[in-house]
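Colleague: Please find one structure pasted underneath; my questions will follow.
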Amino acid sequence: MLRSCCLLLIAFGCLVSCGSPSPGSNLEKRDDNLPARVPYVFPPPGTDPIADAIRARRTNGTLLDLDGVLLNAPLIAQGEDDLFGVIRDNNTLPPAMRELFILRIAVLNNASYEWLQHESVGRMAGLTTEQLLAIRLAPPFFASQGVNLTSILGADLVAAMTFTDWITKNVHVPDDVFNALKTFLNDSQLVEATATAAGYSFISRFVVALNVDAKMDVPVPVPT
């Protein structure tokens with residue numbers, strides 16, 4: 001696996017050493033409560049129904065710094081929780097594909113906070129280190145640059161990543177790109193896929209613009 005990771009790093013022209021995060025990246029914790037551009041709002045349990053609803057959706061029942069920023073505008077926080085409760089927890093997409101959408105958007109928009117929240121989720125969904133490296137290191141519109149990732153990702157995840165590149169960087173998705181994804185998803189799932197990609201593009205822009213956890217200028221880490 002280490003040799004495979006090194007080959008991927010070389011193939012994509014990355015100058016980061018295998019097995020080491022980017023220097024100075026301050027990525028020791030997934031959610032380390034560094035400052036943002038607005039104060040964090042963390043109402044104590046039992047004092048705020050919106051905050052409590054968000055806690056109930058979180059795996060460990062703890063508000064994230066993203067939640068603390070959102071709670072400056074409680075109705076925005078409530079709407080975000082409702083929408084992403086569906087996108088994350090109540091869709092029928094293959095879990096690995098769902099997480100690929102999210103992680104690839106984090107890469108394209110340099111949203112390191114988003115990547116840090118989801119790399120471990122992606123692994124639990126079945127993404128391997130080799131696949132995470134491909135998601136992290138492949139250039140935008142990789143196929144047009146002669147990068148073939150089918151042997152690493154499989155045709156379904158290549159179609160999903162190509163779709164993600166187009167919807168995120170270009171907004172307009174060509175028919176051939178959409179139809180390639182349609183090969184693997186039904187109509188309901190195509191709507192779910194589009195909502196996931198569009199929704200996490202919002203999250204990436206939100207966490208970068210408000211510098212959640214002081215990660216605005218921190219490079220997305222290279223998985224090891």
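The values are calculated or read from the model by the stated rules, or taken from the named source; none is laboratory data. As the structure is a computational prediction, the values presented were derived from the model and not from experiment. Positions of Cβ are generated from backbone atoms using ideal geometry, with glycine treated the same way; all protein chains shown enter the neighbour counts. The area values use the complete protein model at the heavy-atom level, side chains included, leaving out ligands, DNA and RNA. Shrake-Rupley method; radii C 1.70, N 1.55, O 1.52, S 1.80 Å.
Colleague: For Asn148 paired with Ser120, estimate the spin-label separation in nm (one decimal), with each label point 7 Å from Cα along the Cα-to-Cβ line.
Modeller: 3.8 nm
Colleague: Take peptides 120-131, 193-204 and line them up by average Cβ neighbours within 10 Å, highest first, as a rough protection proxy.
Modeller: 193-204, 120-131
Colleague: Rounded to the nearest 20 Debye, what is the dipole magnitude of region 22-167 about its Cα centre when Lys and Arg each give +1 and Asp and Glu each give -1 at the C-beta?
Modeller: The dipole magnitude comes to about 200 debye.
Colleague: OK, next. In the chain, what percent of the accessible surface is made up of carbon and sulfur (1.4 Å probe, ligands and nucleic acids excluded)?
Modeller: Its accessible area is 59 percent carbon and sulfur atoms.
Colleague: Also, quick follow-up: Multiply the residue gap between Asp32 and Thr92 by 0.36 nm, knock off their C-alpha separation, and tell me the result in nm, one decimal place.
Modeller: So the chain would gain 18.4 nm between Asp32 and Thr92.
Colleague: Take the alpha-carbon centre of region 93-143, take the same for region 168-190, and report the distance between them in whole Å.
Modeller: A separation of 18 Å, based on Cα centres.
Colleague: Based on the Cα coordinates of region 151-192, what is the per residue volume of their convex hull in Å³?
Modeller: On the way: hull volume 3.0 nm³, N = 42.
Residue-normalised Cα hull volume stands at 71 Å³.
Colleague: Moving on. Could you tell me the relative contact order of region 92-152? Use alpha-carbon pairs under 8 Å, at least six residues apart, and round to a whole percent.
Modeller: Numbers: 41 pairs, mean separation 20.2, N = 61.
Here the relative contact order equals 33 percent.
Colleague: Could you tell me the relative contact order of the chain? Use alpha-carbon pairs under 8 Å, at least six residues apart, and round to a whole percent.
Modeller: On the way: 277 pairs, mean separation 73.6, N = 224.
With pairs under 8 Å counted, the relative contact order is 33 percent.
Colleague: How far is helix 155-169 tilted off the main Cα axis of the chain, in degrees rounded to 10, range 0 to 90?
Modeller: Approximately 60 degrees, to the nearest ten.
Colleague: Same structure, new question: Can you pull the one-decimal nm distance between simple spin-label points at Asp176 and Asn110, each 7 Å off the Cα toward Cβ?
Modeller: Distance between the two pseudo-spin positions: 3.1 nm.
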